[in-house]
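Remarks on the structure that follows.
The values are calculated or read from the model by the stated rules, or taken from the named source; none is laboratory data. Keep in mind that what you see is a predicted model, and the values were worked out from it rather than measured. Quick reminder, even Gly has a Cβ in these numbers, built from the backbone with ideal geometry, and neighbours come from all protein chains shown. Please note that ligands, DNA and RNA were not included when accessible areas were found on the heavy atoms of the full protein model with its side chains. Shrake-Rupley method; radii C 1.70, N 1.55, O 1.52, S 1.80 Å.
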Amino acid sequence: MAEKTYYITTPIYYVNDVPHIGHAYTTLACDMIARFKRLDGYDVLFSTGTDEHGQKVQKSAEKQKVAPQAFTDQVSQNFRDLSALMNFSNDVFIRTTEERHKAVAQKIWDLLQEKGHIYKDAYSGWYSVRDEAYYTEDELTTNEAGEKVAPTGAVCEWVEEPSYFFDLSKWQDRLLKFYEDNPEFIAPKSRRNEVVSFVKSNLQDLSISRTTFDWGVEVPNDPDHVMYVWLDALTNYLTVCDYFEERDKKAYWPADVHMVGKDILRFHAIYWPAFLLAAGIDPPKRVFAHGWWTIEGQKMSKSVGNVVAPKDLVDEYGLDQTRYFLLREVSFGQDGNFSKEGMAARINSDLSNDLGNLVQRVLSMVVKNCDQKVPSDEQVSAEDKLMLMEIAYRKLDLLREHIDQQALHKYIDVVWQISTEANKYIDTQAPWGLKKTDPARMEAVLYVLLEMIRMIAILVQPVIPDSGNKILDFLNIDQKMRDFKAIDSAFSLSSGDEIHKPTPVFPRFEA
Ligand code: MSP
């Protein structure tokens with residue numbers, strides 16, 4: 001195992017839904033970060049998977065008249081297929097119905113019980129099956145049909161049943177201290193404030209078992225109860241890194257980032273660290289809550305019929321085009337809006353005009369004027385070298401910072417600035433005019449441009465891996481020279497080496 005480890009997780013997805021762009025988005029963000037860290041020399045563990053227990057999944061299975069295990073076997077595959085479709089590089093795909101996971105969930109339960117944080121009582125109150133969450137009376141409103149509705153819009157039902165409780169109310173001060181001691185734990189900052197005020201206002205003991213259905217992990221020594229699905233689901237993060245098993249893999253814990261949507265921050269930033277602290281386990285280093293996507297300005301919903309399937313986007317616009325749009329269109333952490341117009345604009349301006357044209361123009365000139373070989377760098381000036389240094393080689397530290405802050409859009413901005421500079425450099429140097437007047441200088445200018453393209457191609461890999469590699473293939477760069485060690489003048493192109501004829505990387509999108 002490399003010295004530096006990095007563990008990043010997606011939420012595990014409920015299998016009652018087919019994957020849509022919201023799901024693809026969370027995993028895509030993690031994929032970008034995981035790819036960056038691998039290229040930067042880390043030993044990465046990147047996990048995703050499916051959350052298969054609970055009332056919501058049981059009900060979906062019943063609706064389809066299939067046994068829950070058979071149902072989850074079938075629909076979990078949709079999320080596995082999503083990884084292949086979107087070129088996600090997850091190392092693990094966890095399912096909560098795996099025996100190894102059930103054992104971990106029960107182990108956590110045992111630890112909490114041993115340490116005196118669980119007691120048996122009865123729950124009476126509101127529950128939303130859609131959110132798999134408990135709500136207090138004062139959080140609810142009444143809809144036109146007279147039903148009680150949670151702030152998320154989910155209908156709640158009244159539940160009364162015997163239940164085990166976790167003593168969450170006792171954790172208020174310790175959680176607040178934990179947030180204070182670990183100011184980086186919740187991001188973005190605005191979300192952190194929300195969590196802190198929620199914890200300050202009302203933490204009640206949490207019901208952690210159910211008895212009115214049986215699709216869940218059995219509570220140790222009390223088979224009438226199944227574990228509350230969120231306690232079961234959250235522990236997947238320990239299952240994935242074999243927390244209780246292999247010493248070696250355990251080095252991944254505590255996780256570096258749990259990536260989640262803003263809707264499930266409460267579970268990850270309050271319940272999860274409380275469970276872990278109570279069990280005597282270190283909490284993760286950070287929980288980042290990203291925003292939500294609307295579709296052409298509207299909330300995405302089955303009833304509106306505007307749910308966007310990732311496959312449709314990939315088929316219509318292309319894989320890297322889709323990845324690029326989702327990662328570039330919003331400041332990561334904010335909500336975003338998908339529109340066909342926005343998609344076409346990004347593809348044509350950022351991908352075709354900026355990057356695609358740059359690559360096509362420069363490589364074609366090299367093919368035509370330099371015998372398809374990396375030109376001579378003899379006439380590369382001190383000024384050129386300084387520019388390369390400043391706009392490209394030295395950007396890595398800044399990019400690392402952006403990744404560690406999950407400022408994914410800023411990362412892309414920085415990389416695209418290199419392309420903007422390269423396009424400006426073509427205009428000011430006008431290499432085509434130099435062919436007759438100063439061929440040696442023409443070669444130098446093209447050399448500098450190729451070097452900028454090499455840098456861009458390496459750095460875009462986390463965002464658009466296929467396209468980055470396609471450009472590196474044109475440049476004939478060895479597979480071993482495509483990671484961030486190669487972001488250095490010591491690894492610059494060798495004059496005289498053959499390159500390949502380019503083909504368009506990003507054709508224009510015509511609706
Ligand atoms: N099973 C739980 C997570 C358990 S993790 C221990 C769950 N699953 S989910 O399938 O409902 O949602 C998973 C993720 O999809 C969440 O991060 C959620 O924010 C994200 N999205 C669902 N709809 C979305 C949008 N419209 N836009 C962006 N992300 C959205 O919650």
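Net charge dipole, the stretch 363-425: roughly 180 debye, given to the nearest 20, about the Cα centre with Cβ charges of +1 for Lys and Arg and -1 for Asp and Glu. Counting Lys and Arg as +1 and Asp and Glu as -1 over every other residue whose Cβ lies under 11 Å from the Cβ of Lys4, the net charge comes to -2. One chain, two ends: Glu147 and Lys115. Fully extended at 0.36 nm per residue, the span grows by 7.6 nm beyond their Cα-Cα distance. Over the residues of the chain, the helix contribution to mean residue ellipticity at 222 nm works out to -13500 deg cm²/dmol, using -39500 (n - 2.57) for each DSSP H run of at least 4.
Taking a ≥ b ≥ c as the square roots of the Cα gyration tensor eigenvalues, the stretch 420-503 comes out prolate, since a/c reaches at least 1.5 and a/b is larger than b/c. Structural size metrics of the stretch 322-408, computed from C-alpha coordinates, are Rg and Dmax of 17.8, 50 Å.
When you count, for each residue, the other Cβ atoms within 10 Å and take the mean per peptide, how do 225-238, 366-379 rank with the highest first? The partial results should precede the final answer.
Values: 225-238: 24.4, 366-379: 17.5.
Ranked from most to least packed, the peptides come out as 225-238, 366-379.
Averaging 1/r over every pair of different alpha carbons in the stretch 352-500 and inverting the result gives a Kirkwood radius of 15.4 Å. Entry comment: accessible area of the stretch 279-401 is 46 Å² per residue, from protein heavy atoms only and a probe of 1.4 Å. Per-residue packing, averaged as other Cβ atoms within 10 Å, sorts the ranges 351-358, 152-159, 302-309 into the order 351-358, 152-159, 302-309, beginning with the highest. Taking Cα atoms only, the orientation of helix 68-86 departs from the longest principal axis of the chain by about 20 degrees. Diagonalising the gyration tensor over the Cα atoms of the chain and scaling each eigenvalue by 5 before taking the square root yields semi-axes of 50, 24, 20 Å, largest first.
Per the Kirkwood definition applied to all pairs of different Cα atoms, how many angstroms is the hydrodynamic radius of the stretch 361-429?
Working: mean 1/r = 0.0717 Å⁻¹.
Evaluated on the stretch 361-429, it is 14.0 Å.
Please label the shape of the stretch 173-283 as rounded, prolate or oblate, based on the square roots a ≥ b ≥ c of the eigenvalues of the alpha-carbon gyration tensor (a/c under 1.5 means rounded; beyond that, a/b larger than b/c means prolate, else oblate). The shape class here is oblate. Counting only protein heavy atoms and using a 1.4 Å probe, the accessible area of Asp497 comes to about 80 Å².
Multiplying the residue separation of Asn182 and Glu62 by 0.36 nm and subtracting their alpha-carbon distance yields 38.8 nm. Shown for the chain: the carbon plus sulfur share of the solvent-accessible area, taken with all protein chains present and a 1.4 angstrom probe, equals 47%. When you count the other C-beta atoms within 10 angstrom of each residue and take the mean per peptide, 428-441, 183-196 line up highest first as 183-196, 428-441.
Sketch the reach of a paramagnetic label on Asn476 as a point 7 Å from Cα along Cα-to-Cβ, and name the residues of the stretch 371-393 whose backbone nitrogen lies under 14 Å away. So the set is 371-376. Simple spin-label estimate for Asp224 and Asp497 gives 7.2 nm between the two label positions (7 Å along the Cα-to-Cβ direction from each Cα).
Sorted by accessible area (1.4 Å probe), largest first, how do Met259, Met481, Met365 line up? Each step should come with its number before you reach the end.
Values: Met259 0, Met481 75, Met365 30 Å².
From most accessible down to least: Met481, Met365, Met259.
Shape of the stretch 274-385 from its Cα gyration tensor (a ≥ b ≥ c, root eigenvalues): rounded if a/c is under 1.5, otherwise prolate when a/b > b/c, or oblate? The shape class here is oblate.
Counting only Cα atoms, the size of the stretch 168-229 along its three principal axes is 41, 22, 18 Å, in decreasing order.
Of the residues Met387, Leu111, Thr136, the one whose Cα sits farthest towards the positive end of the charge dipole of the chain is Met387 (charges of +1 on Lys and Arg Cβ, -1 on Asp and Glu Cβ, taken about the Cα centre). As a calculated quantity, the FRET efficiency between Ser190 and Asp43 at R0 = 41 Å, using C-beta atoms, amounts to about 0.80.
How much length is gained on full extension from Asp315 to Val367, taking 0.36 nm per residue of separation minus their Cα-Cα distance?
15.5 nm
For the stretch 19-54, backbone nitrogen atoms closer than 15 Å to the point 7 Å from Arg400 Cα along Cα-to-C-beta are found at 36-43. Here's the picture: a label point sits 7 Å out from the Cα of Ala84 along the beta-carbon direction, and within the stretch 23-61 the residues with their amide nitrogen under 20 Å of it are 23-25, 27-28, 31, 47-51.
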